[in-house]
Amino acid sequence: MKKKVLALTLTAAMMLSMAACSSGGNTSDASQDNGGTEAAEVANKDKPLVWFNRQPSNSSTGELDMTALNFNDNTYYVGFDANQGAELQGTMILDYVKANIDTIDRNGDGIIGYVLAIGDIGHNDSIARTRGVRAALGTAVEKDGAIVSDPVGSNADGSATAVKDGSLEVNGKTYIVRELASQEMKNSAGATWDAATAGNAIGTWASSFGDQIDIVASNNDGMGMSMFNAWSKANKVPTFGYDANADAVAAIAEGYGGTISQHADVQAYLTLRVLRNALDGVDIDTGIGTEDDAGNVLSDDVYYYDEAARSYYALNVAVTADNYTEFTDSTKVYEPVSNQLDASAHPEKSVWLNIYNAADNFLSATYQPLLQNYDDLLNLKVEYIGGDGQTEANITNRLSNPSAYDAFAINMVKTDNAASYTALLSQ
Ligand code: BGC
Ligand code: CA
């Protein structure tokens, strides 16, 4: 009896040390799969993880959170090129002003006045857009080598320090360009990019500035459309947003000035594609820069990969009266990556994915429907969790059983809070 126990213990000890050996070596997912009859259960901390829409970063300095971006070998971020898009948005507005110079100055006082709705003062994408508008319109001031992106509140007389009065010469006449007002659109519960708050703000701004407002600019379409519907449409004041949501694109026919497509059709694909590739144990570029077995491939005019930042960035396109008819369906999959993967070579896997704020127009009306189209094509069974946009806990509470999923796609409330998710995967 004693002998038997000893023998068993020895066998157990040998098995343990073998397991330790193989997990210490450079076993890839693929070789683990081939190793035994049953694939070894992957620890949550080793499962593929993609951050999307909000890049892990410091909300005060903007510095990338490399710990979160390097959580494991299969961690990535998917977003878009914020600076390229911001520059496009600024240029789009400036071009509009120049093309409509004879009518733009509504009260004829020589000042072109604009108001600006800011999404989230601690979000790099929002900051970039504020800077892009100010840079193009000549109202930017710099501090420590960067354009100040703080809201001005109210700036009726041009004395605010976060901006300056710009000067614009068109057809031999010089105009002053003034940011009359700007504020972060955050509601009392803490949700940022808040469309309803923007709809209220335009009412306040219109009653104090009236026909001094010649342009309405917004960090996104959700807030832009809320202001357009509440005021600028009726007052024929061009309003510019960002995201190319279907309702905003349609509104261009009714006087909405324009928007920027951040190529959500490419981002939604990439969000799920990096997970698919990691789960298949294939090169991460498969179906991205390199054509896959179904014919899916992206060309480099729609995205790029920054290896050091582990980040995929889609490129932006301006959507104006000139081309908006090509953008009316914002939930249509991008044709070059619309081919169904074969289910025997790419068997179904399950993904936990959250949308930080189910009330956010862009995420709920554009991004999530796109994800839902691609999840079928990529054979991924995705559980969509909709957050309230206010607290991280509202979402992390619903990640109570990470072991039930093969991979994770995370959209944080605040860009600094990556650790509240990775902690749950590390337990
Ligand atoms: C979009 C916004 C959205 C935000 C959420 C941005 O990329 O342009 O519309 O509210 O993401 O994080
Ligand atoms: Ca004026």
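The values are calculated or read from the model by the stated rules, or taken from the named source; none is laboratory data. What you are looking at is a predicted structure, and each value in this text was computed from that prediction instead of being measured. Cβ coordinates were reconstructed from backbone atoms using ideal geometry, including for glycine residues, and neighbour counts include every protein chain displayed. Note: areas computed on protein heavy atoms with side chains; ligands, DNA, RNA excluded. Shrake-Rupley method; radii C 1.70, N 1.55, O 1.52, S 1.80 Å.
Toward the positive end of the charge dipole of the chain, with +1 on the Cβ of Lys and Arg and -1 on the Cβ of Asp and Glu, the farthest Cα among Ser299, Gly258, Ala359 is that of Ala359. When only alpha carbons are used to place a centre, region 293-337 and region 92-132 end up 26 Å from one another. Counted over region 39-165 with a bin width of 5 Å, the fraction of Cα pairs per bin, in whole percents, is 2, 9, 15, 17, 15, 12, 8, 7, 5, 4, 3, 2, 1, 0, 0. Remark: the chain carries a charge dipole of roughly 1280 debye about the Cα centre, counting +1 on each Lys and Arg Cβ and -1 on each Asp and Glu Cβ.
Using the empirical formula 2.2 N^0.38 Å as the baseline, the Cα radius of gyration of region 229-361 reaches a ratio of 1.25.
In the context of the full protein assembly, Trp193 retains an accessible surface of approximately 30 Å², using a probe radius of 1.4 Å and ignoring ligands and nucleic acids. To the nearest 10 degrees, how steeply does helix 195-209 sit against the main Cα axis of the chain, on a 0 to 90 scale? The helix 195-209 is inclined about 20 degrees to the chain. Were the residues from Asp46 through Ser159 laid out at 0.36 nm apart, the gain over their Cα-Cα distance would be 35.3 nm. Accessible surface for the chain, divided over its residues, is 44 Å² per residue with a 1.4 Å probe. Protection proxy ranking of 398-407, 64-73, by the mean of other Cβ atoms within 10 Å over each peptide's residues and highest first, is 64-73, 398-407. Highest GNM mean-square fluctuation among Asp283, Asp214, Asp81, for the chain modelled with Cα contacts below 10 Å: Asp283. Phi-derived couplings, Karplus 6.51 cos²θ - 1.76 cosθ + 1.60 at θ = phi - 60°, listed residue by residue for region 143-148: 9, 6, x, 10, 5, 5 Hz, with x used for Gly and Pro. With the Kirkwood sum run over all distinct C-alpha pairs, region 282-347 has a hydrodynamic radius of 14.0 Å.
Checking the cross-link pairs Lys45/Lys381; Lys186/Lys332; Lys236/Lys414 against a 24 Å limit on the alpha carbon distance flags Lys186/Lys332; Lys236/Lys414 as lying beyond it.
Of all aspartates and glutamates in the structure, those lying under 18 Å Cα to Cα from Lys233, and not within fewer than 8 positions of it along the same chain, are Asp105, Asp211, Asp214, Asp221, Asp247, Glu254.
For the chain, the longest principal axis of the C-alpha atoms and the axis of helix 264-280 are separated by about 10°.
In this structure, the amide hydrogen of His263, modeled 1.01 Å from its nitrogen in the peptide plane, lies closer than 5 angstrom to those of Val317, counting only residues at least 5 positions away or on a different chain.
Suppose R0 equals 51 Å; then what is the FRET efficiency for Ser207 and Glu335 from their Cβ-Cβ distance, rounded to the nearest 0.05?
Efficiency at R0 = 51 Å is approximately 0.65.
Using a probe of 1.4 Å, the accessible surface attributed to Lys332 totals some 130 Å² when neighbouring protein chains are kept in position. All Cα-Cα separations within the chain were binned at 20 Å from zero, giving a P(r) of 25, 50, 19, 5, 1, 0, each value a whole percent of the pairs.
From most to least packed by mean Cβ count within 10 Å, the peptides 379-392, 114-127 give 114-127, 379-392. Accessible surface for Ser344 stands near 100 Å², nearest 10, in the context of the full protein assembly shown (1.4 Å probe).
Accessible area ranking (1.4 Å probe, heavy atoms, ligands and nucleic acids excluded), largest first, for Glu169, Glu254: Glu169, Glu254.
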